[in-house]
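To keep things clear, I will list the structure first and then write my remarks on it.
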Amino acid sequence: MEFSTLTSPALATLKTSALAIGVFESGVLSEAADALDQASNGTLRALIKTEFDATPGSCLPIHAVNGISAGRVILLGLGKQEHYNAAVHAKAQGALAAYCVRAKLSEAVSTLAAIPTPDAPLIARARTAARQVASATYHYDATFSQARPAPKLKKFILHISRSDASAAQAGLREGAAIGAGMALTRTLGDLPPNLCTPTYLGQTARDLARQFKTLKAEVLDQRKIEALKMGSFLSVSRGSAEPPAFIVLRHTPPAAKAGTKKAAPIVLVGKGVTFDSGGISIKPGPAMDEMKFDMCGAASVLGTLRAVAQLELTREVIGIIPACENLPSGTANKPGDVVTSMSGQTIEVLNTDAEGRLILCDALTYAERFKPAAVIDIATLTGACVIALGHVNSGLFSRDEGLVQGLLAAGREALDPAWHLPLDEPYQDLLKSNFADMANIGGRAGGAITAACFLARFTTKYPWAHLDIAGTAWKEGKEKGATGRPVPLLMQYLLDQCA
Ligand code: BES
Ligand code: MN
Ligand code: ZN
């Protein structure tokens, strides 16, 4: 995909197959729409009055308008002018991108980014535009016998005033990288669990390191994981014939300027359960296939590092992924088993389906060696989080006020929101075990919180935040598929840390 800007003022004589303009409700035209209406001698305004209600997300192509050179003018509804904001802008750009794909267009020009929003500067709107195009052109093709036609859209152009061009270009560059990162995250999520194994995730990290010179990949095998004494992680992976992988993918920024002190790295830890059957505490059959998405935390770490590397961010960022399957077998964890984590703390496995925390705890201990400025883990950790927040917000847990505010703000700006949930001490009581330092479950009440409390016990050496993405990482039903979240949130946070 090629993203670019265009600053020529002459919209009416622009030669393109599709020129998109914004229209508010009650016939209020954006500046670009007004200019085109004048060139068409009022044809557009008359058409809008009778044919277009301009609700947010609505889209109406009009072919061959008199006085306008573009092959078609695409009306995009922006809702009420007084309510117009970054979210409506994103919806309209999304509708445009979806239309372009449906109509098999190879190129489109959008005038939307130029319309001001109270809650987002131009650079953010350009980022959003590129991201929406990247999302609409996502294409899953790995496991069909016959190739499916790929989207034709190859060129996306923002029409913008000359003084705004450089901000728009910066936004497009960032949005394109975030979009490519999300596409990787979605592909890994969508791939079936017999293909997307721990080994496959490791290979993906290696491939990224080959593609981007700032990235270095290290994939630890079973023997090395044993040498690190990751007894909790290994207790889960032991139930499957598929070998585990412990992946470390490191972005080292291009030489920092002389005299500037190197900042401590930001570490991202992603849950990489490539299939979660529940183990001996086996899950019910319906929708169990969706547990192939239980590696979406890992996939979001790989997607984010891809974007970080493409943008050559100036902060060191390290991705850590414990990857394995959770299956029942003669060697699987049994309820009542006590395992010893890398930290030395012992854990009574009361439910083998609470395996995410069992693999993450050892990765969180491993993270200590990097003396990180912050550690953020990302995990499809609990069904309880889906009950609490639905599919809109990811759950955010942290006792570090800076991380909480930084991640919430990043989520808002990137339209990839998170909601802060509590992590108070009293919840820790629910993890009491009669036979080990802690149990791996705390009962049904506050399930997302007790899972986070469990992880907190392994994160005392650095500022830490936990994102539970069980409700946001994928969609169910007819549109089943990975969403690429929370790559936008993470990238916005990292961009903010580099600013
Ligand atoms: N991967 C699941 C969490 C999950 C379930 C995400 C459904 C999205 C949809 C996790 O490993 C799990 O099974 N958690 C259990 C924990 C329980 C046993 C304490 C859960 O949420 O039921
Ligand atoms: Mn589970
Ligand atoms: Zn799981």
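Among residues of the range 371-398 that are among the charged types (D, E, K, R), those with a Cβ under 6 angstrom from a residue that is in a loop (DSSP other than H, G, I, E, B) and more than 15 Å from ligand 1 (Cβ to nearest atom), sequence gap 6+ or separate chain, pair up as K371/A264. Selection of the range 47-81 for residues being open to solvent by 60 Å² or more (accessible area, probe 1.4 Å) and either of a type outside the set (S, T, Y) or not assigned by TED's automatic domain parsing to the domain that holds A92 (or both) yields K49, E51, D53, H63, A64, N66, K80, Q81. Here Q146 meets the list (1) touching a residue at least 60 places away in the same chain (Cβ under 8 Å); (2) open to solvent by 30 Å² or more (accessible area, probe 1.4 Å); (3) over 22 Å from E413 (Cα atoms) almost entirely, failing just condition (1).
The set of residues from the range 27-43 being closer than 22 Å to E82 by Cα and hydrophobic (A, V, I, L, M, F, W, C) comprises V28, L29, A32, A33, A35.
Just name the residue that is nearest to E401 (Cα to Cα) out of those in the range 355-377 that are within 13 Å of ligand 1 (Cβ to nearest atom) and open to solvent by less than 10 Å² (accessible area, probe 1.4 Å). So, considering only residues that are within 13 Å of ligand 1 (Cβ to nearest atom) and open to solvent by less than 10 Å² (accessible area, probe 1.4 Å), the one nearest to E401 (Cα to Cα) is L360. Have a look at A439, A473 and point out the one that is in contact (Cβ under 8 Å) with a residue 24 or more places away in the chain and closer than 22 Å to M288 by Cα. From the options A439, A473, the qualifying one is A473.
Scanning the range 353-401 for residues that are part of a loop (DSSP other than H, G, I, E, B) and over 19 Å from the mean Cα position of the chain (by Cα) returns D353, A354, E355, K371, P372, A373, R399, D400. Is it true that V28 is more than 25 Å from V133 (Cβ to Cβ), in the same structural domain as Y99 (by TED's automatic domain parsing) and in contact (Cβ under 8 Å) with a residue 40 or more places away in the chain? Yes; evaluated as a whole, the condition is true for this residue. Figure legend. Inter-residue proximity from the range 343-359: first residues closer than 21 Å to K283 by Cβ, second residues among the basic types (K, R) and within 8 Å of ligand 2 (Cβ to nearest atom), beta-carbon distance below 8 Å, spacing 6+ or different chains. Indicated pairs: D353/K283. Scanning the range 437-478 for residues that are at positive phi and either part of a helix (DSSP H, G or I) or within 15 Å of ligand 2 (Cβ to nearest atom) (or both) yields a single hit, G477.
Assess whether A92 counts as being in contact (Cβ under 8 Å) with a residue 60 or more places away in the chain and open to solvent by 40 Å² or more (accessible area, probe 1.4 Å).
Values: in contact (Cβ under 8 Å) with a residue 60 or more places away in the chain: yes; open to solvent by 40 Å² or more (accessible area, probe 1.4 Å): no.
For A92, the condition - in contact (Cβ under 8 Å) with a residue 60 or more places away in the chain and open to solvent by 40 Å² or more (accessible area, probe 1.4 Å) - is not met.
Filtering the range 6-46 to residues that are of a type outside the set (G, A, S), buried (at least 20 other Cβ atoms within 10 Å of the Cβ) and within 17 Å of P116 (Cα to Cα) leaves I21, V23, F24, L29. Quick check: anything in the range 167-177 open to solvent by 50 Å² or more (accessible area, probe 1.4 Å) and outside the structural domain of T7 (by TED's automatic domain parsing)? The answer is yes; a qualifying residue exists. The single residue among K262, K271 that is within 12 Å of ligand 3 (Cβ to nearest atom), among the basic types (K, R) and in contact (Cβ under 8 Å) with a residue 12 or more places away in the chain turns out to be K271.
The values are calculated or read from the model by the stated rules, or taken from the named source; none is laboratory data. Please read all numbers here as calculations on a predicted model, not as lab measurements. All Cβ positions, glycine included, derive from the backbone under ideal geometry; neighbour counts span all protein chains shown. To get the accessible areas, we keep the full protein, side chains included, count just its heavy atoms, and leave off ligands, DNA and RNA. Shrake-Rupley method; radii C 1.70, N 1.55, O 1.52, S 1.80 Å.
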